[in-house]
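The values are calculated or read from the model by the stated rules, or taken from the named source; none is laboratory data. Keep in mind that what you see is a predicted model, and the values were worked out from it rather than measured. Ideal geometry is used to build each Cβ from the backbone, glycine not excepted, and the neighbour counts take in all protein chains shown. Protein only, heavy atoms only, side chains kept; ligands, DNA and RNA dropped before computing areas. Shrake-Rupley method; radii C 1.70, N 1.55, O 1.52, S 1.80 Å.
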Amino acid sequence: MPSRDQTGRNAAHVNQRDYPRLFLMILPAAIVFAAFFIAPMVKLAIASAAGDDGIAAYGAIITKPRYLESMLATVALSLSVTAVAVAISTVAGVFLVRNRFAGRALLISLLTFPLAFPGVVIGFLVIMLAGRQGLIAQVSLFLTGDRTVFAYSMAGLFIGYLYFSIPRVILTVMAAAEKLDISLEEAARSLGASPWRVIRDVILPALKPGLIASSAICFATSMGAFGTAFTLATNIDVLPMTIYTEFTLNANIAGAASLSITLGLVTWIALFIARSLSGSTVAASG
């Protein structure tokens, strides 16, 4: 029978022999990652420092009121969309996992259908709902004599972001809810716990990794969403639109690059915090 040391040496020998194969397997992903992430980010960093202000261009995010207001508005919008999407999706996701009824598969398909839509289409749907000729405007005109229009404001953008965020969150919640141990809930009820306490002390802690993961993804997606904002951005100044304006209309390459890197850092920090809070289970839950 081989000793433990001999077994370890054999395993190390096998691993060393596998290095060329592992390198060839990782190489395509490494090339794509370098070409479509590392190289553009390096180019953005160089462009942001090549302006008249140099590295001080990053300070403009705080010193320029328009940049600061755009950043704060984007963060506030993303946080509010994330909170509402997680609340709605948690209730709906757990319900759909726990109950079987006629039309359930169709309902899940409809709830996740917005994943197939690009941002521009979602923006157009918001206009059809709350635009000048939209459904809400027509109903309010009939009832009150005035048109209610909010498609081209933060409220309209909130509806659009919420529309494409719920499918992403609800799929993660459903995957986490399927792993819930029903016996823990039954034990809590047998000990006299109320339904709300079961939810607070049993269900929500079990769903925590999935909720954190989906919240981070929802927040990051809302921070960087452009198509919907571009379609609705009559009176909206969120960070992706500010970057677009600086790049295309003002030819401020350095400003647009610094804003882009800042946007990327904010979303990366959100994802990093989410992974830190729930550990490796974020990846599994997502």
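Odds and ends about this structure:
- Some residue of region 215-229 being of a type in the set (S, T, N, Q), over 30 Å from SER183 (Cβ atoms) and more than 23 Å from the chain's Cα centre (by Cα): no
- Taken together, the criteria place THR221 among residues that are closer than 18 Å to THR82 by Cβ, part of a helix (DSSP H, G or I) and open to solvent by 20 Å² or more (accessible area, probe 1.4 Å).
- Note on region 188-205: among residues that are over 34 Å from the mean Cα position of the chain (by Cα) and not in a helix (DSSP H, G or I), the one that is surrounded by the most Cβ atoms within 10 Å (Cβ to Cβ) is ALA193.
- Tabulated pairs, region 197-210, first within 16 Å of VAL169 (Cβ to Cβ) and touching a residue at least 60 places away in the same chain (Cβ under 8 Å), second among the β-branched types (Val, Ile, Thr) and open to solvent by 30 Å² or more (accessible area, probe 1.4 Å), C-beta under 6 angstrom, 6+ apart or interchain: PRO209/THR281
- Count - residues of region 104-135 that are part of a helix (DSSP H, G or I) and either of a type in the set (Phe, Trp, Tyr) or more than 10 Å from ALA151 (Cα to Cα) (or both): 19
- Some residue of region 152-160 being open to solvent by 80 Å² or more (accessible area, probe 1.4 Å) and assigned by TED's automatic domain parsing to the domain that holds VAL238: no
- Search result, residues across region 177-187 that are among the hydrophobic types (A, V, I, L, M, F, W, C) and open to solvent by 20 Å² or more (accessible area, probe 1.4 Å): LEU180, ILE182, LEU184, ALA187
- Top-ranked residue of region 45-54 - restricted to ones that are surrounded by fewer than 13 Cβ atoms within 10 Å (Cβ to Cβ) and not small (Gly, Ala, Ser), ranked as modelled with the highest pLDDT: ILE46
- Pick from region 254-274, criterion within 17 Å of VAL42 (Cβ to Cβ) and not hydrophobic (A, V, I, L, M, F, W, C), ranking: least open to solvent (accessible area, probe 1.4 Å): SER258
- Filtered residues of region 165-187 (kept if assigned to a helix (DSSP H, G or I) and not hydrophobic (A, V, I, L, M, F, W, C)): SER165, PRO167, ARG168, THR172, SER183, GLU185, GLU186
- Scan of region 55-99 for residues that are outside any helix (DSSP H, G or I) and open to solvent by less than 80 Å² (accessible area, probe 1.4 Å), ordered by number: ASN99
- Of all residues in region 201-234, those satisfying the criterion of being at pLDDT 85 or above and among the polar types (S, T, N, Q) are SER214, SER215, THR221, SER222, THR228, THR231.
- Residue count for region 125-168 under the criterion of being under 25 Å from ALA92 (Cβ atoms) and not small (Gly, Ala, Ser): the result is 18.
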